[in-house]
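Structure first, then comments.
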Amino acid sequence: MSYVLPPHEDVTRAPAVSSRTDEPPRAVSLWTRGFVLLCLVTVLCYCSNSLATVVLPLFVQSLGGTPVVAGLVFTSFSVTSFVLRPLIGHLIDTWSVRGTLISGGAILGSFALALVLPSIWLTLIANAIRGIGWGAFSTSISTGIALTSPPARRGEASGYYGVATTTAVALAPALALWLLAATGDFAVVFGLAGAAGLAAVAATILHPRIGSGTTTFRGAFALPREGLSIGAFIERPVLLASMLLVCITMTSPVTFAFVSLHAYAVGVDNISLYFLAAGATSILARVALARLADRVSRGIWIATGYSGLLMGLAVFTTAGSIEIFIVAAILASLGHSLVQPALMALAMDRSAPGRLGKAMATYSMAYRVGEGIGAPLAGVLIVAFGYAGMYFGAMAFVALGLVLTALNWGTVGRPTPGEAIER
């Protein structure tokens, strides 16, 4: 079983990769000072990003930009966040987890503040740089979660991390739109987004040192003696978790971005209740099931979550009233809440010692792949086959995930560290 250092001591890589089994899995504390601070940083950075993102299309429009320009602003964020992620993972492993996390929060906060300047070109550049900050934050925070949580409780830790992200994503957009409606001033929203990012920096500084980097920031950019290769930046054993995650993220635009359009098309006006139901279900499910996450194999949770999402998507095809939309929201959110923590824990389990940063970079790149392909594909399916066709297309990706899970059951169905100890 792993062990956790006292709250005020350094958290090194040794605890994260230890396989000691002489203590009951739940005897080791998860809620250390370091883990609590990482959850706080997660809330602050997700709030920073969500506050800015939800009003950016309106801001671009107020500057005279077209929807195409707004799309380019968002594309700039996604491209930098995706392309630089392998390098960020390398920095985390060789330089510093905490340093990369501080850099991510600082970039998110500083360049959210830069958005107050009324220029479309500056908005495009600032959002592209924010993408770098988001890549640095999201990769280093998941690495930090892995390093500060006992291996036998990684599924539980991933569940609570998901609670932090879901809470921020559920509340921050509503706050941003309320502030904009109340003040009519984009600067107030961007200012709050900047403050949240910089507050995350302060919280990270209070965190005990995470990991034990082997070189300086400058030294991390030195070419390895054996030369460059894909394996130097990509953690191959984690690719299975990444592929399974793509099968989920391909459905994210379907169950989020396009729901409002579907509701409008069928004459459902109060679709905001759908998003409330989805957010509440996600938070409650992750809280309720977190302590059970490590009691059975990752594969059980993954397969169960895929099945729940399939049922939710099937319900969507018949949605014509707010009640049906809410049922679909509950099923789909429950599916996501079961699959995502299990996949994140699987990625942690399959990472090699000293390569957790690369592992989390490899895993988290799947979010951008799914979102980048899923949204335009959903639009094409709507035009060609209607909304039912879009949902059936999403169901195909979930079914593919179930097939991949079954074909790789020897890997995903293995006992977790916590389950093995309890046996």
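The values are calculated or read from the model by the stated rules, or taken from the named source; none is laboratory data. What you are looking at is a predicted structure, and each value in this text was computed from that prediction instead of being measured. Backbone-built Cβ (ideal geometry, glycine too); neighbour counts: all protein chains shown. These accessible areas exclude ligands, DNA and RNA; they are computed on the full protein's heavy atoms, side chains included. Shrake-Rupley method; radii C 1.70, N 1.55, O 1.52, S 1.80 Å.
Numbers at a glance
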| item | result |
| --- | --- |
| Protection proxy ranking of 96-104, 345-353 - average other beta-carbon atoms within 10 Å, highest first | 96-104, 345-353 |
| Mean Cα-pair separation over length for the chain, i.e. relative contact order, pairs under 8 Å, 6 or more apart, % | 25 |
| At least 18 Å along the helix axis (C-alpha) and Kyte average at least 1.0, DSSP helices within the chain | 33-62, 67-83, 97-113, 120-148, 186-205, 272-289, 298-316, 322-349, 356-407 |
| Helix-only mean residue ellipticity at 222 nm for the chain, each DSSP H run of n ≥ 4 adding -39500 (n - 2.57), per residue, nearest 500 | -24500 deg cm²/dmol |
| Gyration tensor (alpha-carbon) shape descriptor, the chain, a/c threshold 1.5 | oblate |
| Carbon plus sulfur fraction of accessible area for segment 261-356, probe 1.4 Å, in percent | 70 |
| Mean Cβ neighbour count within 10 Å, used as a protection proxy, ranking 332-339, 292-299 highest first | 332-339, 292-299 |
| Three-way shape label, segment 92-131, alpha-carbon gyration tensor, a/c 1.5 | prolate |
| Whole-angstrom gap from segment 280-357 to segment 65-96, using each part's C-alpha centre | 26 |
| Gyration tensor (alpha-carbon) shape descriptor, segment 315-396, a/c threshold 1.5 | oblate |
| Computed E for residue 188/residue 352 - FRET, C-beta separation, R0 45 angstrom, nearest 0.05 | 0.45 |
| Difference of contour (0.36 nm per residue) and Cα-Cα distance, residue 29 to residue 239 | 72.6 nm |
| Highest average packing first - 185-192, 119-126, Cβ atoms within 10 Å | 185-192, 119-126 |
